[in-house]
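**Student:** Once you've had a glance at the structure underneath, I'll fire off some questions.
The values are calculated or read from the model by the stated rules, or taken from the named source; none is laboratory data. For clarity, every value in this text was computed on a predicted model and none was experimentally measured. Methodologically, a virtual Cβ is constructed for each residue, glycine included, from the backbone with ideal geometry; neighbour enumeration extends over all protein chains shown.
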Amino acid sequence: MNLFEQQKHEFQQRHIGPSEQETTEMLQTIGAASLDELINQTIPANIRNHAPLQVNGPVSEYEYVKELKAVAAQNKVFRSYIGQGYYNTIMPSVILRNVFENPGWYTQYTPYQAEIAQGRLESLLNFQTMVSDLCGLPIANASLLDEGTAAAEAMLMLFNHKNKDHEHASALRFFIDDSVFIQTKEILITRATPFNIELVYGNYQDVNLDESFFGALVQYPNSLGSIVDYRKFIHKAHESNVLVVMATDLLALTLLTSPGELGADVAVGNSQRFGVPMGFGGPHAAFFATKEDFKRNIPGRIIGVSVDARGNRCLRMALQTREQHIRREKATSNICTAQALLANISAMYAVYHGPEGLKKIAKRTSLLAQTLSSELARMGFINQNDNYFDSIYIKTDKISEIKNMAEKNEMNFYYTADGIIISLDETTTQRDVLDILYVFASVTGSDTATASFDADSLLDHIPTSLTRTSDFLTHPVFNSHRSESQMMRYLKSLENKDLSLNTSMITLGSCTMKLNAATELIPVSWPEFANIHPFAPASQWKGYQAIITELENGLSNITGFAATSLQPNSGAQGEYAGLLTIKKYHQHHNQLHRNIILIPISAHGTNPASAVMAGFKVVVTKCDEAGNIDVNDLKANAEKYKDTLAGLMVTYPSTHGVFEESIQQICELIHQHGGLVYMDGANMNAQVGYTSPGFIGADVCHLNLHKTFAIPHGGGGPGMGPICVNEKLAPFLPGHHSLTKKDTQAGAVSAAAFGSASILLISYGYIKMLGAAGLQKSTAYAILNANYMKARLKNDYKILYTGKNGTCAHEFIVDLRPFKQSAGIEAEDIAKRLMDYNFHAPTLSFPVPGTIMIEPTESEDKAELDRFCDALLSIRSEIKAIEEGTSNKTDNPLKNAPHTQQVALANEWLHPYTRQEAVFPLPYIAGNKFWPAVSRVNNTYGDRNLVCTCEPVSAYAAD
């Protein structure tokens, strides 16, 4: 390979950790003569696809950025006044630089290990407090995927509350006001159908709610921009035991009476306009707030206050027993990934501006809307909204002329059948208002447009009865960081509490915490991508179209399928969308009675939860002693349900980290009995370039772009979960109102047509810079790194489950159960002790209780792999000391882990081991010590004493 060719492949060297010399040493440790030999020993020959991938690339990082600039230029960034849940906003530069573009914030995983996640837990608690305060409701979660899915989650929560027994449900009707956003209506249709929920549409003033209804949804302000007083409607609904969901706008709520004060039971919406770019649809953090009555039914993550082992106040994820990874098919939601990074940005936006700053932004926006409305009225264009916040609605027979003139002046309005809606936002200036007026003046034959702006005007378009009088964001965190120095230091203080990939490797099995390269992420904040509205005309997003088309084609080729939908904006949503596609296929062939989904007992918790959400019945199948799917049990169930079998959900390689030899036989078995095969793509990082779901025999798979294809996990989101399907399922992929939707297509699963479109750029860049050879090489090194670690650990720990040649795929399971008997040490003790060694624990107790699952990814070099192995081997020595009686069984480094600075520097040290053994157990730690922010968190206390908003200052003073 000459110098010029080498330049094209340079990204491989940046992305893949081990050098050639390290590779040779690692193969020697494993006992393989070459990387090819290791792959041949690991991936069954019958599923190997030797045809090269057909993807573009590779290109150098410099060339990639240069090429993408040209693609970005194809997008036209018009001034957007479309609204409908998406608005221009200003992300403060201090947040852009210190959070959005900072790997200390975007590379962590969901905060399952609370002791080393106190920074983002605090930020997410701020988010919950912000939402709770503005909505006037006591309980809020830490974000959902988008406003549409949040509304659907609310509908299903209320349905489950009213109808404990689905088979004998008496209240099956859900009312949706006509003025709810269209994208929300679409998702509600999709979600309602599997549960036989009847959606009733109409004007909230005319509907007759009775006991046949379980809930209702209204928009505040509504899709036309009107502010409506829903008090009487809500009171009437409650008289019939009907609960009310209110979709709302956080910026508007700084001026308007809160949903809670109006009587709403649930408030949902999108926090996007709190500092997060539109990004052609996402990612954005939806919010969900409700009453105390629903605290054990609320979907998504909840951050709660607890105490640590020393009695210090700390934070953790609360009430996890209601979530899909524990409740599985009994879960009320399949939510796993949410939008943590974007929730943090929106929370910091509120911290930075504070309540007064937010009110100023809202008032300025509303005053400009008031001026626009009055000046248009002078021209004869009458605002149909008597009461409004930021949007005016004009009925006119000159829609076509106005649209042409607006687009000529590079503006986008929202057009209805009989009128125009213009929504202003934080970025709107007086000059912008004059430019809008010029568009209308031109249509009426006038060449000039003038306006009088009075910053002291009263907001007389907001009625007194709906003007907010209650305080919000009173906690000191929202009132203490006005200067950039203060804000920068606050953000840094939180970042320092969290272990992320810029600290050390994160070996979470089935999570694929690989490098999120800076070059992949840079374009996400470019205005050409960040400032496109998801409902903008197609002529304005040709750059996005080029990227989407190439990415769809690439992912289809990588998976061995015919078509791809990029709409699902999380892995769980991908599962749901894939299952809906299967359901739609059976419906098309008059086989709707096929309603049984077989799922192995080892499957991810989202699998059964998604199947139930899609309207299927789950039948769990067994695994054998080697961890593989029990083919005989599967065959028996396939035969038993042959007339009603819809399909099988299977993860490959398995959740045990093994390429099961029988996978093709399994796929054929399901097909023989009339079912389809859904392959969970969580472990796709072990397949790319060597085999594929389509080649193996599956019909549909989802991909976690935030795993295999380098989108960062963001501390719990964003993610993307596109689905890829074969030719027979292609006609049934999810549709969307903003695109041409075919009758055969499944319903929308996300609010925007391409989900969180802006982060698709990351996966696009990952594939483009690696190219076919680089993608395959990444897979090989993911397998190499896992087998090297397994080889180093196998003499000291029991390794569960390997393939027939003794190898693992990209991850492996270490059995810790024997130590409970021999030393009283549990898996959690080892997880917490790893923090003292500067490491995040691997996946804990999944898929086997009492184990850890390790996945190093291809991005880690040998030195880092060795550090982690050294840590586990040192911990094994500590356990051995307990087993031999030379270390106290209850007072030892594992039981007391993690050790904080407060503990290590205390005046008294009463433990039988030294301070150095506690916090510097190996030499490498001394030069770069990461300190856990708190001691071991008391989970039980936190659930029994649930607090999920920022506590008043008095609570801290009491200590």
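**Student:** Condition first: in the same structural domain as GLU147 (by TED's automatic domain parsing), aromatic (Phe, Trp, Tyr) and in contact with a Pro (Cβ under 9 Å, 6 or more places away or on another chain). Can you find one or more residues in segment 279-288 that meet it?
**Tutor:** Scanning segment 279-288, I find at least one residue that is in the same structural domain as GLU147 (by TED's automatic domain parsing), aromatic (Phe, Trp, Tyr) and in contact with a Pro (Cβ under 9 Å, 6 or more places away or on another chain), so the answer is yes.
Okay, residues lined up against (1) touching a strand residue (DSSP E or B) at 6+ places or on another chain (Cβ under 9 Å); (2) within 30 Å of GLN687 (Cα to Cα); (3) of a type in the set (Phe, Trp, Tyr):
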position	(1), (2), (3)
GLY31	no, yes, no
LEU38	no, yes, no
ALA45	no, yes, no
ARG48	no, yes, no
ASN56	no, yes, no
GLU61	no, yes, no
VAL77	no, no, no
PRO103	no, yes, no
TYR106	no, yes, yes
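**Student:** Please specify each residue of segment 564-615 satisfying the condition of being out of contact with any strand residue (DSSP E or B) (no Cβ under 7 Å at 6 or more places or on another chain) and among the aliphatic types (A, V, I, L, M).
**Tutor:** LEU566, ALA572, LEU592, ALA609, MET613, ALA614
**Student:** Moving on. Residues that are more than 17 Å from ILE506 (Cβ to Cβ) and not hydroxyl-bearing (Ser, Thr, Tyr): which strands (runs of 3 or more DSSP E) entirely in segment 792-877 hold 1 or more of them?
**Tutor:** Because the criterion is at least 1 residues that are more than 17 Å from ILE506 (Cβ to Cβ) and not hydroxyl-bearing (Ser, Thr, Tyr), the strands (runs of 3 or more DSSP E) in segment 792-877 that meet it are 798-800, 812-815.
**Student:** Taking segment 290-316 as the region of interest, how many residues are surrounded by 23 or more Cβ atoms within 10 Å (Cβ to Cβ), part of a strand (DSSP E or B) and aliphatic (A, V, I, L, M)?
**Tutor:** Total meeting the criteria: 3.
Let's see how each residue does on (1) closer than 24 Å to SER859 by Cβ; (2) in contact with an Asp or Glu (Cβ under 8 Å, 6 or more places away or on another chain); (3) of a type in the set (Phe, Trp, Tyr); (4) buried (at least 20 other Cβ atoms within 10 Å of the Cβ):
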{"residue": "LEU3", "(1), (2), (3), (4)": "no, no, no, no"}
{"residue": "HIS9", "(1), (2), (3), (4)": "yes, no, no, no"}
{"residue": "HIS15", "(1), (2), (3), (4)": "yes, yes, no, yes"}
{"residue": "GLU25", "(1), (2), (3), (4)": "yes, no, no, no"}
{"residue": "PRO44", "(1), (2), (3), (4)": "no, yes, no, no"}
{"residue": "ARG48", "(1), (2), (3), (4)": "no, no, no, no"}
{"residue": "PRO52", "(1), (2), (3), (4)": "yes, no, no, no"}
{"residue": "ASN56", "(1), (2), (3), (4)": "yes, yes, no, no"}
{"residue": "LEU68", "(1), (2), (3), (4)": "yes, no, no, yes"}
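**Student:** Residues that are part of a loop (DSSP other than H, G, I, E, B), among the hydroxyl-bearing types (Ser, Thr, Tyr), touching a Phe, Trp or Tyr at 6+ places or on another chain (Cβ under 6 Å) and within 16 Å of VAL244 (Cβ to Cβ): does segment 193-206 have at least one?
**Tutor:** Taking every residue of segment 193-206 in turn, at least one turns out to be part of a loop (DSSP other than H, G, I, E, B), among the hydroxyl-bearing types (Ser, Thr, Tyr), touching a Phe, Trp or Tyr at 6+ places or on another chain (Cβ under 6 Å) and within 16 Å of VAL244 (Cβ to Cβ).
**Student:** I'd like to verify a number: residues in segment 27-77 that are of a type in the set (Ser, Thr, Tyr) and over 20 Å from ALA772 (Cα atoms), how many?
**Tutor:** Result for segment 27-77: 3.
**Student:** Same structure, new question: I'd like the full set of residues that are among the polar types (S, T, N, Q) and either in contact with an Asp or Glu (Cβ under 8 Å, 6 or more places away or on another chain) or assigned to a loop (DSSP other than H, G, I, E, B) (or both), limited to segment 225-271.
**Tutor:** Those that are among the polar types (S, T, N, Q) and either in contact with an Asp or Glu (Cβ under 8 Å, 6 or more places away or on another chain) or assigned to a loop (DSSP other than H, G, I, E, B) (or both): SER226, SER240, ASN241, THR254, THR257, SER258, ASN270, SER271.
**Student:** Could you please tell me which pairs satisfy a Cβ distance under 7 Å, a separation of 6+ or placement on different chains, a first residue in segment 474-491 that is buried (at least 19 other Cβ atoms within 10 Å of the Cβ), and a second residue that is among the aromatic types (Phe, Trp, Tyr) and modelled with pLDDT of 95 or more?
**Tutor:** Filtered contacts from segment 474-491: HIS481/TYR352; HIS481/TYR490; MET487/TYR352.
**Student:** Determine if segment 157-180 includes at least one residue that is of a type in the set (Val, Ile, Thr), buried (at least 24 other Cβ atoms within 10 Å of the Cβ) and within 20 Å of the chain's Cα centre (by Cα).
**Tutor:** No.
For (1) within 30 Å of THR843 (Cα to Cα); (2) under 23 Å from the mean Cα position of the chain (by Cα), each residue gets a yes or a no:
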{"site": "SER510", "(1), (2)": "yes, yes"}
{"site": "MET513", "(1), (2)": "yes, yes"}
{"site": "TRP526", "(1), (2)": "no, yes"}
{"site": "GLY560", "(1), (2)": "yes, no"}
{"site": "LEU566", "(1), (2)": "yes, yes"}
{"site": "SER570", "(1), (2)": "yes, yes"}
{"site": "ILE597", "(1), (2)": "yes, no"}
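**Student:** Take residues that are touching a Lys or Arg at 6+ places or on another chain (Cβ under 7 Å) and tell me which of the helices (runs of 4 or more DSSP H) falling wholly in segment 84-189 contain 2 or more.
**Tutor:** Counting at least 2 such residues, we get 118-135, 147-162.
**Student:** Counting just the residues of segment 380-415 that are surrounded by fewer than 17 Cβ atoms within 10 Å (Cβ to Cβ) and without any contact (Cβ under 8 Å) to a residue 12 or more places away in the chain, which one comes out farthest from the chain's Cα centre (by Cα)?
**Tutor:** Across segment 380-415, the extreme among qualifying residues is ASP397.
**Student:** If the Cβ limit is 6 Å and pairs must be 6+ apart or interchain, which residue in segment 301-312 that is in the same structural domain as PHE127 (by TED's automatic domain parsing) pairs with which residue that is part of a loop (DSSP other than H, G, I, E, B) and of a type in the set (Ser, Thr, Tyr)?
**Tutor:** Listed by first residue and then by second, the contacts come to ASP308/SER935; ALA309/SER935; ARG310/SER935.
**Student:** Only one residue in GLU625, GLU639 is acidic (Asp, Glu), farther than 26 Å from LEU555 by Cα and modelled with pLDDT under 95, so which one is that?
**Tutor:** GLU625
**Student:** Sticking with this one: On the given criteria, is THR512 closer than 28 Å to ALA786 by Cα, touching a Lys or Arg at 6+ places or on another chain (Cβ under 7 Å), polar (S, T, N, Q) and surrounded by 24 or more Cβ atoms within 10 Å (Cβ to Cβ)?
**Tutor:** yes
**Student:** May I ask you to say which residue of ASN98, ASN126 is within 15 Å of ALA347 (Cβ to Cβ), assigned by TED's automatic domain parsing to the domain that holds THR248 and touching a residue at least 60 places away in the same chain (Cβ under 8 Å)? Walk me through it before giving the result.
**Tutor:** On the way: ASN98 fails: assigned by TED's automatic domain parsing to the domain that holds THR248.
ASN126 is the lone residue from the list that is within 15 Å of ALA347 (Cβ to Cβ), assigned by TED's automatic domain parsing to the domain that holds THR248 and touching a residue at least 60 places away in the same chain (Cβ under 8 Å).
**Student:** Just the residues that are of a type in the set (Phe, Trp, Tyr) and closer than 23 Å to THR448 by Cα, please, taken from segment 361-398.
**Tutor:** If the condition is that a residue be of a type in the set (Phe, Trp, Tyr) and closer than 23 Å to THR448 by Cα, then PHE381, TYR393 are the ones that fit.
**Student:** Restricting to segment 317-353, and then to whatever is hydrophobic (A, V, I, L, M, F, W, C), in a loop (DSSP other than H, G, I, E, B) and buried (at least 24 other Cβ atoms within 10 Å of the Cβ), can you tell me which residue is modelled with the highest pLDDT?
**Tutor:** Restricting attention to segment 317-353, the residues satisfying the condition of being hydrophobic (A, V, I, L, M, F, W, C) are 317-319, 326, 331, 335-336, 338, 340-343, 345, 347-348, 350-351.
Now restrict to residues that are in a loop (DSSP other than H, G, I, E, B): 319, 331, 335-336, 338.
Remaining after also requiring buried (at least 24 other Cβ atoms within 10 Å of the Cβ): 335-336, 338.
Numbers: ILE335: 61, CYS336: 63, ALA338: 90.
That would be ALA338.
**Student:** Restricting attention to segment 878-905, which residues are over 18 Å from ALA831 (Cα atoms), in contact (Cβ under 8 Å) with a residue 24 or more places away in the chain and outside any helix (DSSP H, G or I)?
**Tutor:** Across segment 878-905, the qualifying residues are SER887, ASN888.
**Student:** Now, a different point. Any residue in segment 53-80 that is not assigned by TED's automatic domain parsing to the domain that holds LEU424 sitting within a Cβ distance under 8 Å of a residue that is modelled with pLDDT under 95 and in a loop (DSSP other than H, G, I, E, B)? List the pairs, counting only those 6 or more apart or interchain.
**Tutor:** As it stands, the answer is PRO58/HIS9, since those pairs meet every condition given.
**Student:** If you don't mind, another one. Only one of these is touching a Ser or Thr at 6+ places or on another chain (Cβ under 8 Å) and either crowded, with 20+ Cβ neighbours inside 10 Å or within 21 Å of GLY225 (Cα to Cα) (or both): SER470, SER500, SER452. Name it.
**Tutor:** SER500
**Student:** In this structure, is SER226 of a type in the set (Ser, Thr, Tyr) and over 19 Å from PRO463 (Cβ atoms)?
**Tutor:** no
**Student:** Would you check if there is a residue in segment 668-678 being modelled with pLDDT of 95 or more and closer than 30 Å to ALA154 by Cβ?
**Tutor:** Yes.
**Student:** Within segment 379-414, how many residues are assigned to a loop (DSSP other than H, G, I, E, B), closer than 27 Å to ASN531 by Cα and either at pLDDT below 95 or not aromatic (Phe, Trp, Tyr) (or both)?
**Tutor:** Number satisfying all stated conditions: 3.
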